[in-house]
Amino acid sequence: MCGIVAYLGPDEAIGFLVGGLKRLEYRGYDSAGVALVHGGGPGAPPASFEVVKRAGKVVNLEAALAAPNGAPRPKLGIAHTRWATHGPPTDVNAHPHLSQNGRIAVVHNGVIENFAALRESLQRKGYTPVSQTDTELFAHLVEDVQTKEKLPIDAAVRLALTQVQGAFGIAVISLDEPDVLIAARRGSPLIMGVSDPSDSSAPAAYFIASDASAVVEHTRHVIYFEDSEMAVIRPGGYEIMTLGNVTLTREVEQLELSLAQIQKGSFKHFMLKEIMEQPEALRNCMRGRLLVPAVGTDASPPGGQGPRICFGGLEPLMPRLASARRFVFCACGTSWHAALVGEYLIEQLAGINVEVEYASEFRYRNPILQKAEGDEDIVFVVSQSGETADTLAAAQFARRKGILAIGICNVVGSSIARETDAGIYLHAGPEIGVASTKAFTAQITCLTMLALKLGRYRGVISEEQFTEHVRALVSLPDKMALIFEQADKIYEMSRVYRAYRSFLPVVVIAPRCDATYDKLRSNIQEVLARGGTVIAITETDNDDLDAECEYVIKIPLVADFLSPILTVVPLQLLSYYIADMRGCDVDQPRNLAKSVTVE
């Protein structure tokens, strides 16, 4: 939640700042703002800030920015798109925030938990906050520390952060040092992009962002900040240190993300694009993991006979996973729902007891976890972004207790990927729409592969059953693609129901392979007896419901344990079309954000 971008380099900053905010708007879209540093160089006028902030989306900010007049534009700036936590979305509460003397500007992602105590302390010293935010208090705090201790801006920021409780990702600029950019994080994601290090002929450019999507257009060379780290960036280079002032050496990594992956292309919304990308996302999820000889051949995958499922990072842990007493899945939102499906899959196919917990509750209720060898509890944390604050905290809690923590996430290099003992990447590609689609089906696909692998390892399913199940899983992307042939039918259904406000049709997922199918048919009759309207989702060879339901959407035949992956696709399309027809903001629903990086 909230998006930070900052730039220091040889080019005008404003283009990167506004473009970066647009890429990050899925993280928060209540308000947006920029602060640019004018002047301050040799022979230039004294340094001054240009601060522009607007409630609403980034387009409102863009319209308020001064039009280029041919004069040189600043080459250092910070910007922010907000998801409100302290104070409503207004121009005044939008970031960046200035210190009382107007010489320090701050953008911040996270929550300062001791903001009430800080506000009281600063007010006693004569500081007068003009906004309701916790972030403004940090700007005043830095000024107070700098004035009292007579420190340079980097040391003042570092010392001020020792007085802050809670999570933060910050970027800070100061008129006293108008060519310095400072960034720091604790609990909230932050990366630094650098221009090509091998190109010594061009002046270096530095980018700070909450997410790689904001920098990939400009560089693929990045450094991921760890918790309690800070960077001090100047035109000639940068230093990275801990908040305890210990200098660090960090490797520059290569982004796997491409610009094309985060663009809508010909689609009206990211959500529709990501729904349609699901067959390929599932193939990528399985690629290199499902090793299956072609049907009707004697060919075997490398390393052994018959089909195999391989998770590189989990292979050394398979004996511990297979002998575990219990799996505890911790997740939030859509990932929590995927974990619920995983609970059924793992218990049915692998015979291991599974519990699913809201990560936000797990981390605070002091759960009882067992770590006896051969009879241990293992914690799995599931998150699309890999940055969900409560889920990350659940992983950290487990590891502090000596419990093995496994991460399942989509974003390479994310905090959960770095702070768990091992894990599984979804490889679903970037998901920009706030409503999760392809990440959800990829999560279930990964959990299905894990359940099958453990089931065969433990002898719960036979080699014959395993082979049949793996082949069924491999065929799933092609079967999913067939559902899109009914998109026009689902669109027409949406036209019928888009205006309904006093009631809605009842949607029944009723595959005949389901053990409760007969009971579901009785439920349909109950709805009809009360004058309700039913939309049913069932298999292509099932005509039982045609005469009973107003609409029937038919999916290809699959085994019962795979049906959740297919039955959700018509629901995604139905919800998308109805929302779009009703004029809803599909990609950025009100009061929601994609990556919840605060509690």
5 Å is the cut-off here: which amide hydrogens, built 1.01 Å from N in the peptide plane, fall below it relative to Ile553, excluding neighbours closer than 5 in sequence? Ala536, Ile537, Thr538
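Looking at the square roots a ≥ b ≥ c of the eigenvalues of the Cα gyration tensor of segment 371-527, which shape do they give, rounded for a/c under 1.5, prolate if a/b is larger than b/c, or oblate?
On the way: a/c = 1.98, a/b = 1.49, b/c = 1.33.
Taking the square roots of the gyration eigenvalues as a ≥ b ≥ c, segment 371-527 is prolate.
Which shape class applies to segment 1-128: rounded if a/c is under 1.5, otherwise prolate when a/b exceeds b/c and oblate if not, where a ≥ b ≥ c are the square roots of the Cα gyration tensor eigenvalues?
On the way: a/c = 2.16, a/b = 1.26, b/c = 1.72.
Oblate.
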Extension gain Gln348-Gln465, at 0.36 nm per residue separation less the Cα-Cα distance, in nm? 40.8 nm
At each listed q (0.06, 0.07, 0.09, 0.11 Å⁻¹), what is the log10 of I(q)/I(0) that the Debye formula gives for the chain modelled as equal alpha-carbon point scatterers? -0.36, -0.49, -0.78, -1.08
Report the FRET efficiency, 1/(1 + (r/R0)^6), for Asp478 and Arg399, where r is their Cβ-Cβ distance and R0 is 51 Å, rounded to 0.05. 0.80
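Only bridges whose two residues both fall in the chain count here: according to DSSP, what percent of them are antiparallel, nearest 5? Display every interim value, and only then the final one.
Values: 67 of 97 bridges.
Of all bridge pairs located within the chain, approximately 70 percent are antiparallel.
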Interchain or long-range residues, amide H under 5 Å from Arg186's placed H: Phe168, Gly169, Ser228
From Cα coordinates alone, what are the radius of gyration and Dmax values for segment 482-540 in angstrom? 13.1, 35
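How do the peptides 42-48, 316-322, 366-372, 467-473 rank, highest first, by the average count of neighbouring beta carbon atoms within 10 Å per residue? Please list the in-between numbers first.
Numbers: 42-48: 10.6, 316-322: 14.9, 366-372: 12.6, 467-473: 18.7.
Descending packing order for the listed peptides: 467-473, 316-322, 366-372, 42-48.
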Go through segment 149-154 residue by residue and turn each phi into a ³J(HN,Hα) via Karplus (6.51, -1.76, 1.60, θ = phi - 60°); whole Hz please, and just put x for glycine and proline. 9, 6, 10, x, 4, 5
Among Val507, Leu161, Ser121 the positive-end extreme of the charge dipole of the chain (Cβ point charges): Ser121
Dipole of segment 529-589, Cα-centred, from +1 at each Lys and Arg C-beta and -1 at each Asp and Glu C-beta, to the nearest 20 debye? 220
Spin-label point model (7 Å from Cα, Cβ direction): what's the Glu226 to Ala44 distance in nm? 3.5
Tell me the angle of helix 389-400 to the major Cα principal axis of the chain, expressed in degrees between 0 and 90 and rounded to the nearest ten. 80
Convert each backbone phi in segment 575-580 into a coupling constant with the Karplus relation 6.51 cos²θ - 1.76 cosθ + 1.60 (shift: θ = phi - 60°), then list the ³J(HN,Hα) values in order as whole Hz, x for Gly and Pro. 5, 4, 5, 5, 4, 5
In terms of Cα to Cα distance under 20 Å, which lysines are near enough to Lys273, apart from those fewer than 8 places away along the same chain? Lys22, Lys264, Lys438, Lys479, Lys489, Lys594
At 222 nm, what value in deg cm²/dmol follows for the chain if DSSP H runs of at least 4 each add -39500 (n - 2.57) and the sum is divided by all its residues, to the nearest 500? -10000 deg cm²/dmol
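Write down the accessible area per residue of segment 12-131 in Å², having rolled a 1.4 Å probe over the full set of protein chains. Please list the in-between numbers first.
Details: 4960 Å² over 120 residues.
Accessible area per residue: 41 Å².
What order, most packed first, do the peptides 452-465, 514-527, 177-190 have when packing is the mean number of other Cβ atoms within 10 Å of each residue? It would help to have the intermediate numbers written out before the result.
Working: 452-465: 17.8, 514-527: 13.2, 177-190: 23.6.
Final packing ranking: 177-190, 452-465, 514-527.
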Geometric extent, Cα atoms of segment 465-599 - Rg, Dmax (angstrom): 16.8, 49
Assuming 0.36 nm per residue, please report the length gained on full extension of the stretch Gln165 to Asn591 beyond their Cα-Cα distance. 150.8 nm
For segment 326-395, what does the alpha-carbon gyration tensor say about shape, rounded, prolate or oblate, given a ≥ b ≥ c as the root eigenvalues, a/c under 1.5 as rounded, and a/b over b/c as prolate? oblate
How large is ³J(HN,Hα) for each residue in segment 464-481, as worked out from phi by the Karplus curve 6.51 cos²θ - 1.76 cosθ + 1.60 (θ = phi - 60°), to whole Hz, x for Gly and Pro? 5, 5, 4, 4, 4, 5, 5, 5, 5, 5, 4, 7, 4, x, 5, 5, 4, 4
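What's the FRET efficiency of Val496 with Ala372 using the Cβ-Cβ distance as r and R₀ = 51 Å, to the nearest 0.05?
Working: r = 58 Å, r/R0 = 1.13.
Here the calculated transfer efficiency is 0.30.
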Could you sort 403-411, 344-352 so that the peptide with the highest average Cβ count within 10 Å comes first and the rest follow in order? 403-411, 344-352
Return one number: the angle in degrees, 0 to 90 and rounded to the nearest 10, between the long axis of the Cα atoms of helix 115-124 and the longest principal axis of the Cα atoms of the chain. 10
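For Cys310 and Ala559, FRET efficiency with R0 = 25 Å and r from the beta-carbon atoms, rounded to 0.05?
On the way: r = 21 Å, r/R0 = 0.86.
It comes out at approximately 0.70.
For Asp11 and Val252, calculate 0.36 nm times their separation in residues minus their Cα-Cα distance, and state this gained length in nm to one decimal. Walk me through the numbers on the way to the answer.
Details: separation 241, 0.36 × 241 = 86.76 nm, distance 2.17 nm.
The span from Asp11 to Val252 would gain 84.6 nm if fully extended.
The values are calculated or read from the model by the stated rules, or taken from the named source; none is laboratory data. Quantities reported herein were computed from a predicted structural model and do not represent experimental measurements. Glycine gets a Cβ as well: all are built from the backbone with ideal geometry, and neighbour counts include every protein chain shown. Areas reflect the complete protein model, heavy atoms only, side chains present, ligands, DNA and RNA absent. Shrake-Rupley method; radii C 1.70, N 1.55, O 1.52, S 1.80 Å.
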